[in-house]
Amino acid sequence: MRCVIARFPFELTKSGVLESMKGIKPEAGTGDSVTIGRRHYPVKQVGQVITRQDRRDFSADEVLRAMTRLGFTCRTLPTAAPERILSSLPRASAMLGTPVSV
């Protein structure tokens with residue numbers, strides 16, 4: 001499959017990605033991830049290995065799109081609710097009628 005990552009064209013295959021990631025230990029990550037084999041890799045780590053580019057040169061979304069099209073399972077973190085919405089929610093203690101000491 002042909003895809004463009006960081007303005008460079010790549011011809012990627014599922015077997016090629018599996019081969020490239022063989023023997024690579026997954027880094028600890030808290031962001032988006034790709035399941036390759038039985039391991040969960042951070043998206044930026046996968047992008048760096050398969051493109052041989054610096055992680056700052058491409059976005060996680062570019063790699064997620066490519067890996068999804070190749071049939072890999074990708075997980076993205078849900079975006080946090082804006083602070084103004086959270087601050088407008090009633091406090092649990094107010095709902096329970098208990099005083100809050102700050």
Scanning the range 1-41 for residues that are among the polar types (S, T, N, Q), assigned to a loop (DSSP other than H, G, I, E, B) and within 19 Å of ARG56 (Cα to Cα) gives THR30
Any chance you could count how many residues in the range 44-71 are in a loop (DSSP other than H, G, I, E, B), surrounded by fewer than 19 Cβ atoms within 10 Å (Cβ to Cβ) and touching a strand residue (DSSP E or B) at 6+ places or on another chain (Cβ under 9 Å)?
2
Quick check on my filter: what residues within the range 51-102 are on the phi > 0 side of the Ramachandran plot and modelled with pLDDT under 65?
GLY97
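The values are calculated or read from the model by the stated rules, or taken from the named source; none is laboratory data. The structure displayed is predicted, hence computed values, not measured ones. Don't worry about glycine lacking a Cβ; one is built from the backbone with ideal geometry, like all the others, and counts go over all protein chains shown.
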